[in-house]
Amino acid sequence: MKKAENHNAENLLRMYRQMVRIRTFEDIANELYLSAKMPGLTHMYSGQEAVAVGICEALDKTDHITSTHRGHGHCVAKGAEFKEMFSELLGKEEGYCRGKGGSMHIADQDNGNLGANAIVGGSAGIATGAALSARRLGRDSVTVCFFGDGAMGQGLLYEVMNMAALWKLPVIYACENNLYGEYTHMSEMAAGDLKARAEAFGIEAFEVDGQDVLAVNRLAQQLVARARNHEGPFFVTLNTYRYHGHHVGDINRTYYRSKEEEAHWKENRDPITNFGAWLIAEKIAGADDLTSVRETIRQEADEAVEHALGAAYPPATDVGEHVYAD
Amino acid sequence: MREISLSQAVNEAIAEEMRRDETVFLLGEDVAEAGTPFKVLSGLVEEFGPQRILDTPISEPGFTGIAVGAAMTGLRPIVDLMFGDFIFLVMDQLCNQAAKTHYMSGGKLTVPMVLRTNLGATRRSAAQHSQSLHALVAHIPGLKVALPSSAYEAKGLLKTAVRDNNPVVIFEDKLMYQDKAPVPEEEYLIPFGQANIVREGRDVTLIGTSSMVQVAEEAADILAGQNISAEVVDPRTIVPLDEATILGSVKKTSRAVVIDEGHQSYGVTAEIASRIAEKAFYHLDAPVQRMGAMDVPIPFSPALEDLTVPTPQSVAERAGAAVRGELFHDA
Amino acid sequence: MTHEVTMPQLGMAQDTGLIVSWLKQPGDQVKSGDVLMEVETDKSTMELEAAHDGYLTEIRAQAGENVPVGTVIAIISDSAGSVAPAPAAMLEPDVPNSEDPVVAAPVDVAPALSRADPAPPPNAHPAPSHEKVLASPKAKLAAYRRGIDLQQLVRQGARQPIHFADLETAVATAAPPTAQSALIVQVDRQPMDTFVEWASGVAGKPIEPASVWLAFATRTFRNAVDSAPADGLVVEYAQYGSDDAPSFAVDADKVVLSSIRTLEQVDRVSDLKILDLSATRLSDYRPSGTDGAPALVVGAIGTDKYSINLHFQEDRLPLNVAIALLDDLAGHAAEPMKHLL
């Protein structure tokens, strides 16, 4: 990693804290699922924290993001609170969506998160539409469309990238290449170069190490600023890795990737461990400080999940509410 | 009162709403200078400019998805889908995204958008440009579905659709674009979920949608010659459906024929007929009759295509049989 | 500090997991990531890893047990501490699954609704019948509310399916019921009794009086009534005072007395009914309602006379026809041998 450059210590520590918050949230969500305390299933973001945090730390609250089925990380990074998130995962009334969306549809519009989406690539249109709104309404906000390498197989993405390029919309297409679309390696699903697909529309495309939060954030800051300045859209491939299976129940996965590969990423490429070591080496924080950060966050998360477990389900009358807006 | 075509009525509705509300804009294929193949939108781009009358590439899912996102973030898009048959292309954006967003977000996000498209056979357009697919979207909670039956209805319903805070799909009958009807100069809205009793009658209720309202009216004329008094009801919107007016009419006449241009199986006629059977059963003096498009892809040849849709004659025949107690169904 | 090890939920539709084997035993030291056990679910076997460092201090479910997800199956403790013995049977899961009562509540509404049968209207209505009548729902409801018997309408010739308008017409003709007229004649008993005895002797087997009355009535009805069918003339016979159900004879005048067969039912309505009271001390019975067919009542007057009564509606059986019928029948009864001519 490079020197601290433009970053002040407070910003750097906040990035560390946000990554730890995501990891902690996911660890607890996984425990909830495995202990059958959480209905349904969920997709873990663990391992990809530097992507969400590096990008969202470059955004303002009024900027928008669209998220994916693997969306807890984006939600936390865009400013969501543990209590409402756990409540949503557990189907409780206090959840961000009154328990009606769940893990795969969590949305937090107050912080600009237009929602996770359970259709792969399904939010590409929404993100591009949000960028069109910004342009039409004279706002200087930017929209980041998060999606995985799997979404590169969806036609919708190319239709909207084409229009975004034609109309110069302030949208950044963030392709989190975690190497696997569900249970299949991306090399079996994507021909040619991912970046080149965007470049064919005349969209400037970039590739960055998605495990390096500083590199991600540095690129994101540049692109967000340029997008605000009507220079968009942009496309970024962020090379990263998911530690868990496709979803929490995907335990035996050696048929599509080896335990050695997983161990390599966890031991050598972990975004939190490496960034923590860099903070210590740069004397921005001490080891004790970071331990304290992790413990504090774990305590906050434990309190939040305890609260959510005890919180009320929505009343039965809620089932027919919100089908239509007034 | 002046008479204008359905096409002009739609054009006026869009222009009036765009003048009233800066956030309203329209997007779709060939909507600007071309004004659509039916010339419904001619003149709008000259008044509102290419930013608000936005020509898109031929990418139906893409521009529908963009409309969903724009609607979630402060605009009120009107999507122009050139043919109703293309609705299959936009199903994910319409049914998985637009329809569910308000509910999935617990009421926090709204999608105030209109998708304008068309329906109707007998234009010799063959199987992929002739379908009436409104039942598909009417099946999905979260979408509203309007079916104007005249120029007057088209203007009033479209203006209401633009002001609604939900995704609304409005199907215009492509054969009716040049049909003229009295339309007042002054502004008016037609509320959703309020059926129109087009004509009052005593012996049988003909419930027709879209262009089938005209068919029902002509059938009522034929029946009048047989001393049978038919009531014609136009639901106007099938979601929400004005059940009270339909049931009230059937309770009065004791007989019902439901006419809709969608395929007969699993469609709008089935839904309305079953609600009548459920909620007005003891008032029925004859089996409820359903008349939809034949369950075949719409054929090209005029000799075949004309056989696929209900006609005034076939409706009058069926309604007359119901009134005379001639519907035995081998019971 | 202790950590519970629970049966994981590993598939989307999995309720339980089968413990294949434990790879660690109580007392063993474990590290996070160590494989604790193998669990079989959805026909595949998976390894369950320890989530914490420590000691496996307790195993609560044994290999071979099928355990609901969420059930605590083992305990990992930070210290070796005391090791609990393995139990014989597993415990109930201590955590409710997604089947929450709040969610389940609306489902309970359905049976409650189905029990809420509407109260019958206060009006009297016909007792349920076993013969199915085809009628529109509106006609059925109106008949139910007004106490009209749809089967009666069918017997009177109403076309099925009955519509509401048919009901109005039928009720108009049926009510008020037309008053019945009656003709009465008395004849000596002796000639009939002698004839029955003689005929039995000729036939070589007992001839029932019923057969004689059926034959005479059919003959006289056919003679008197112009509209009587040439074939298929049905006369119904019921002997009051006996347990026998009414029986029917078709064209009883066309065969010899010993060959008259009676049927339990026929597929058309009777042209004439005979109500035989002659085994009692009663002389007449006046039917209050009518389904259209004239009724001959054969009663007793003392021990030596029959009273033969014809009850009929004059709009269906004109008086002069009725007189001819009964006069002819009285002639048969007075001189039965003439029947053979």
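The values are calculated or read from the model by the stated rules, or taken from the named source; none is laboratory data. Small disclaimer: the values here were computed from a predicted structure and weren't measured. So basically every Cβ, Gly included, is an ideal-geometry build from the backbone, and we count neighbours across all protein chains shown. Remember, those area values only see protein heavy atoms, side chains included, never the ligands or the DNA or RNA. Shrake-Rupley method; radii C 1.70, N 1.55, O 1.52, S 1.80 Å.
Key figures
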item	result
Any hit, region C:8-17, residues being under 21 Å from residue C:79 (Cβ atoms), free of Cβ contacts under 8 Å to residues at least 60 places away in the same chain and within 60 Å of the chain's Cα centre (by Cα)	no
Residues of region A:153-167 satisfying the condition of being crowded, with 23+ Cβ neighbours inside 10 Å and over 18 Å from residue B:97 (Cα atoms)	A:161, A:163, A:164
Selection count, region B:59-88, where residues are under 10 Å from residue B:28 (Cα atoms), among the β-branched types (Val, Ile, Thr) and outside any helix (DSSP H, G or I)	2
Residue in region B:102-127 that is nearest to residue B:79 (Cα to Cα), counting only those that are open to solvent by less than 10 Å² (accessible area, probe 1.4 Å) and of a type in the set (Ser, Thr, Tyr)	B:117
Failed item, numbered, when residue A:18 is tested on (1) closer than 26 Å to residue A:126 by Cβ; (2) free of Cβ contacts under 8 Å to residues at least 60 places away in the same chain; (3) part of a loop (DSSP other than H, G, I, E, B)	(3)
Helices (runs of 4 or more DSSP H) wholly inside region B:255-331 that include at least 1 residues being surrounded by 24 or more Cβ atoms within 10 Å (Cβ to Cβ)	B:268-279, B:312-323
Test for residue B:41: is it open to solvent by less than 10 Å² (accessible area, probe 1.4 Å) and without any contact (Cβ under 8 Å) to a residue 60 or more places away in the chain	yes
Test: residue A:79 is in a loop (DSSP other than H, G, I, E, B) and surrounded by fewer than 24 Cβ atoms within 10 Å (Cβ to Cβ)	yes
Count of region A:25-68 residues which are open to solvent by 20 Å² or more (accessible area, probe 1.4 Å) and within 14 Å of chain C (Cβ to nearest Cβ)	8
Tabulated pairs, region B:71-90, first touching a residue at least 40 places away in the same chain (Cβ under 8 Å) and more than 10 Å from chain A (Cβ to nearest Cβ), second in a helix (DSSP H, G or I) and surrounded by fewer than 24 Cβ atoms within 10 Å (Cβ to Cβ), C-beta under 6 angstrom, 6+ apart or interchain	none
One residue from C:256, C:269 being surrounded by fewer than 14 Cβ atoms within 10 Å (Cβ to Cβ), in contact (Cβ under 8 Å) with a residue 60 or more places away in the chain and not assigned by TED's automatic domain parsing to the domain that holds residue C:154	C:269
Unmet requirement for residue C:274, which otherwise passes all of (1) surrounded by 20 or more Cβ atoms within 10 Å (Cβ to Cβ); (2) assigned to a loop (DSSP other than H, G, I, E, B)	(2)
Residue A:91 being within 8 Å of chain B (Cβ to nearest Cβ) and either in contact with a Gly (Cβ under 6 Å, 6 or more places away or on another chain) or crowded, with 24+ Cβ neighbours inside 10 Å (or both)	no
Failed item, numbered, when residue A:84 is tested on (1) within 8 Å of chain B (Cβ to nearest Cβ); (2) touching a Phe, Trp or Tyr at 6+ places or on another chain (Cβ under 7 Å)	(1)
Subset of region A:101-137 (residues that are buried (at least 24 other Cβ atoms within 10 Å of the Cβ), over 26 Å from residue A:230 (Cα atoms) and in contact (Cβ under 8 Å) with a residue 60 or more places away in the chain)	A:103
Filter result (touching a Leu at 6+ places or on another chain (Cβ under 9 Å), closer than 14 Å to residue B:140 by Cα and of a type outside the set (Ser, Thr, Tyr)) within region B:82-102	B:87, B:88, B:90, B:91, B:92, B:93, B:94, B:95, B:98, B:99, B:102
Filtered residues of region A:168-202 (kept if part of a loop (DSSP other than H, G, I, E, B) and either over 16 Å from residue A:238 (Cα atoms) or open to solvent by 70 Å² or more (accessible area, probe 1.4 Å) (or both))	A:168, A:169, A:170, A:182, A:183, A:189, A:191, A:192, A:193, A:200, A:201, A:202
Filter result (aliphatic (A, V, I, L, M) and either out of contact with any Ser or Thr (no Cβ under 9 Å at 6 or more places or on another chain) or more than 25 Å from residue B:228 (Cβ to Cβ) (or both)) within region B:294-318	B:294, B:296, B:298, B:303, B:304, B:307, B:315, B:316
Near pairs, Cβ below 9 angstrom, 6+ apart or cross-chain, from region C:142-163 (at the interface with chain B (Cβ under 10 Å from one of its Cβ atoms)) to any residue that is surrounded by 15 or more Cβ atoms within 10 Å (Cβ to Cβ) and of a type in the set (Val, Ile, Thr)	C:142/C:148; C:160/C:133; C:160/C:154; C:161/C:133; C:162/C:133; C:162/C:154
Sole residue being facing chain B (nearest Cβ under 7 Å) and within 29 Å of residue A:180 (Cβ to Cβ), chosen from A:162, A:113, A:117	A:162
Options A:266, A:283: the member that is more than 30 Å from residue A:124 (Cβ to Cβ), part of a loop (DSSP other than H, G, I, E, B) and either away from every other protein chain (no Cβ under 13 Å) or open to solvent by 70 Å² or more (accessible area, probe 1.4 Å) (or both)	A:283
Residues of region C:45-60 that turn out to be in a strand (DSSP E or B), in contact with a Gly (Cβ under 9 Å, 6 or more places away or on another chain), within 13 Å of chain A (Cβ to nearest Cβ) and open to solvent by 30 Å² or more (accessible area, probe 1.4 Å), as a count	1
Cβ-Cβ under 8 Å pairs, at least 6 apart or on other chains, region A:228-247 side closer than 21 Å to residue A:205 by Cβ, far side β-branched (Val, Ile, Thr) and assigned to a loop (DSSP other than H, G, I, E, B)	A:228/A:142; A:232/A:142; A:233/A:203; A:234/A:203; A:235/A:203
Residue match in region A:317-324 (condition: touching a strand residue (DSSP E or B) at 6+ places or on another chain (Cβ under 8 Å) and either open to solvent by 60 Å² or more (accessible area, probe 1.4 Å) or among the acidic types (Asp, Glu) (or both))	yes
Flag for residue A:308 being in contact with a helix residue (DSSP H, G or I) (Cβ under 7 Å, 6 or more places away or on another chain), assigned to a helix (DSSP H, G or I) and either closer than 30 Å to residue C:16 by Cβ or in contact (Cβ under 8 Å) with a residue 40 or more places away in the chain (or both)	yes
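Residue-wise test of (1) more than 24 Å from residue A:156 (Cβ to Cβ); (2) surrounded by fewer than 24 Cβ atoms within 10 Å (Cβ to Cβ).
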site: B:129; (1), (2): no, yes
site: B:139; (1), (2): no, yes
site: B:168; (1), (2): no, no
site: B:171; (1), (2): no, no
site: B:177; (1), (2): yes, yes
